[in-house]
Amino acid sequence: ASVLDCALMLHMEHGGGNNSTFTTRVVTSSGSDTYATMAAAMSSLKGPRHGGANIKVVEMMQNIRENVKDPADEEELSYYLSKILSGDAFDHKGLIYGMGHAIYAVSDPRERIFRKFVERLSEDKGRQEDLRLYEAIEKLAPQVIAARRHIYKGVSPNVDFYSGFVYDMLEIPVELFTPMFAIARITGWSAHRLEELVGNGKIIRPAYESVMEGRKIP
């Protein structure tokens with residue numbers, strides 16, 4: 001129960017810039033009602049690059065177990081991570097899920113808190129071997145990403161890296177991973193909606209500028 005409480009608290013709120021909370025503010029600013037606003041936020045959260053990311057981490061780990069003969073072999077594991085990153089393995093998206101964050105470069109503070117519970121829970125559930133795979137990827141993935149994409153500002157695990165593993169150890173069905181996130185985050189969405197409602201009342205209209213080269217049509 002304490003692990004689940006921790007998970008819900010860590011997912012409750014994370015500023016107004018994340019995709020689903022920004023969606024909440026944008027839809028609220030249009031004058032839409034609470035039901036439509038929450039539905040829009042949940043639609044955003046469903047995406048595999050946002051609320052569905054921990055599901056992709058669990059699926060990626062299973063794929064690695066199936067394709068890497070010896071996960072303890074760092075050279076073999078690094079090679080397969082490189083294939084994932086280049087889009088030649090797993091879901092061919094070129095992403096190592098659970099690694100990196102748009103804001104955090106050194107570390108995601110939520111992941112560091114979660115990490116303490118992961119060690120204890122994996123021992124209680126007899127999942128130390130699985131934890132060793134996660135730890136190996138936590139070590140090797142930043143090196144692989146830095147070498148291939150020339151990113152040297154720092155890449156570290158985010159909260160999604162371990163959260164799916166925790167839910168799996170708690171025997172929560174994978175279909176409920178994103179709804180669990182939504183149950184927690186609806187508190188934050190509601191707070192941001194209220195703040196938007198009592199604010200200046202202007203509609204949010206982000207400005208976009210295309211940086212793609214286009215063919216001039218006479």
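The values are calculated or read from the model by the stated rules, or taken from the named source; none is laboratory data. Here the structure is a predicted model, which is why all the values come from computation and not from measurement. Ideal geometry is used to build each Cβ from the backbone, glycine not excepted, and the neighbour counts take in all protein chains shown.
Here's the yes/no breakdown for (1) touching a Phe, Trp or Tyr at 6+ places or on another chain (Cβ under 6 Å); (2) of a type outside the set (Gly, Ala, Ser); (3) modelled with pLDDT of 95 or more:
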site: 35; (1), (2), (3): no, yes, yes
site: 40; (1), (2), (3): no, no, yes
site: 59; (1), (2), (3): no, yes, yes
site: 78; (1), (2), (3): no, no, yes
site: 90; (1), (2), (3): no, yes, yes
site: 101; (1), (2), (3): no, yes, no
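Filter the range 5-31 for residues that are closer than 15 Å to residue 199 by Cβ and more than 18 Å from the chain's Cα centre (by Cα) and give the result.
24, 25, 26, 27, 28, 29, 30, 31
Would you confirm whether or not the range 118-125 contains a residue that is over 18 Å from the mean Cα position of the chain (by Cα), under 25 Å from residue 178 (Cβ atoms) and of a type in the set (S, T, N, Q)?
yes
Tally up the residues in the range 164-215 that are loosely packed, with under 10 Cβ neighbours inside 10 Å and more than 29 Å from residue 134 (Cα to Cα), please.
16
Quick one: is residue 65 touching a helix residue (DSSP H, G or I) at 6+ places or on another chain (Cβ under 8 Å) and at pLDDT below 95?
Here the answer is no, as residue 65 does not meet what is asked.
Any residue in the range 117-126 that is surrounded by fewer than 17 Cβ atoms within 10 Å (Cβ to Cβ) and in contact with a helix residue (DSSP H, G or I) (Cβ under 6 Å, 6 or more places away or on another chain)? I'd like the intermediate steps shown before the answer.
Our first condition is that a residue be surrounded by fewer than 17 Cβ atoms within 10 Å (Cβ to Cβ); within the range 117-126, this holds for 119-120, 123-126.
Then drop every residue that is not in contact with a helix residue (DSSP H, G or I) (Cβ under 6 Å, 6 or more places away or on another chain), which leaves 125.
Yes.
What are the residues in the range 33-75 that are farther than 16 Å from residue 140 by Cβ and touching a Gly at 6+ places or on another chain (Cβ under 7 Å), if any?
45, 46, 53, 54, 55, 58
How do the pairs read when you match residues in the range 157-173 that are acidic (Asp, Glu) with residues anywhere that are part of a helix (DSSP H, G or I), using Cβ under 7 Å and keeping only pairs 6 or more apart or on different chains?
From the range 157-173, the pairs are 160/53; 160/54; 160/57; 168/58.
State all residues of the range 178-192 that are closer than 12 Å to residue 46 by Cβ and of a type in the set (Phe, Trp, Tyr); if no residue qualifies, say none.
Within the range 178-192, 181 is the sole residue that qualifies.
With 107, 163, 156, 190 as the choices, which residue is out of contact with any His (no Cβ under 7 Å at 6 or more places or on another chain), at pLDDT 95 or above and of a type in the set (S, T, N, Q)?
190
Inside the range 141-163, can you point out the residues that are in a loop (DSSP other than H, G, I, E, B) and crowded, with 22+ Cβ neighbours inside 10 Å? Break it down into steps so the answer makes sense when it comes.
Residues of the range 141-163 that are in a loop (DSSP other than H, G, I, E, B), as a first pass: 150-156, 158.
Once the filter is applied, which keeps residues that are in a loop (DSSP other than H, G, I, E, B) and crowded, with 22+ Cβ neighbours inside 10 Å, the range 141-163 yields only 158.
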